[in-house]
1. From the list N208, N127, exactly one residue is open to solvent by 70 Å² or more (accessible area, probe 1.4 Å) and modelled with pLDDT under 85. Which is it?
2. Could you list, ordered by first residue, the pairs with Cβ atoms under 9 Å in which the first is in segment 5-32 and over 18 Å from F59 (Cα atoms) and the second is assigned to a strand (DSSP E or B) and open to solvent by less than 60 Å² (accessible area, probe 1.4 Å), at least 6 apart or interchain?
3. Output the number of residues of segment 160-196 satisfying the condition of being surrounded by 16 or more Cβ atoms within 10 Å (Cβ to Cβ), more than 17 Å from C118 (Cα to Cα) and modelled with pLDDT of 80 or more.
4. Scan I141, I137, I151 and give me the residue that is touching a helix residue (DSSP H, G or I) at 6+ places or on another chain (Cβ under 6 Å) and modelled with pLDDT of 85 or more.
5. Out of curiosity, is Y122 open to solvent by less than 50 Å² (accessible area, probe 1.4 Å) and either closer than 18 Å to R157 by Cβ or modelled with pLDDT of 90 or more (or both)?
Amino acid sequence: MIAHCKTGPAAFVFSSSTRQWRAAASKGWDDLFPNQGESTMISSMHRKLVGCHYAYGCFYLESAMNKKLLVFDTRRMEFSILDVPRETSNMFGLAIVEAGEGRLGMLDIHDETLGGKCDLCYYIRGNKGENSSQWKIEKTISLPYDYQYHIQASTERYLLLRKLGPLQSISSSLEVEYVSMDVKTLQLERVCGVSFGFSLASARIYTNFPPSLMSSPTI
């Protein structure tokens, strides 16, 4: 469990033997965000972490105030900060995924005009020790015109997009459609569609569910 305390984030681990929580790691806001004012101001600002992602044993939490991710490494039990690409346009609609070979992937939607040209951008960050550990654009996928898109959820490998439209139609004919994408193949596939009045706003992804050793991967 990760708690957003006044002085900084803290991680707690639950013991199945003692049936109790114990503190595992903590770090001050001043250490994570140096030279940005008083501790009370930093804690109030950065406690607003609006999204949580998981990849390669780390949790990535989105900051509501700037283009940074709070990272918690479950193997090292350490907190750190990771910058996101400057080109990202929607901090609350990104996804962190496993790009393969230990590399971190990030997806972001670029919507220049509402319902106009809309692209799904895929960035990959190299491993430490490589020539570059910076984010690089891997692929840009053009999405159908006249729809509004939002990254709804993600797992280590799959992405779930919410698609609303067509926007030029009257409200009664709007449909909310959910589309999945396999990060390895970058192929989009329709999952389901519901009427605008019954939007699955809190939809989440479950892969290989219900679990079975004999079943093939499903979403």
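The values are calculated or read from the model by the stated rules, or taken from the named source; none is laboratory data. Note that this is a predicted model, so its numbers are computed, not measured. Ideal geometry is used to build each Cβ from the backbone, glycine not excepted, and the neighbour counts take in all protein chains shown. Calculation scope for accessible area: heavy atoms of the full protein, side chains included, ligands and nucleic acids excluded. Shrake-Rupley method; radii C 1.70, N 1.55, O 1.52, S 1.80 Å.
1. Values: N127 fails: open to solvent by 70 Å² or more (accessible area, probe 1.4 Å).
Sole residue among the options that is open to solvent by 70 Å² or more (accessible area, probe 1.4 Å) and modelled with pLDDT under 85: N208.
2. W21/V13; W21/S15; R22/V13; R22/S15; D31/F79
3. Residues meeting the conditions: 1.
4. After applying the criteria, what remains is I151.
5. Details: open to solvent by less than 50 Å² (accessible area, probe 1.4 Å): yes; either closer than 18 Å to R157 by Cβ or modelled with pLDDT of 90 or more (or both): yes.
So Y122 fits the description; yes.
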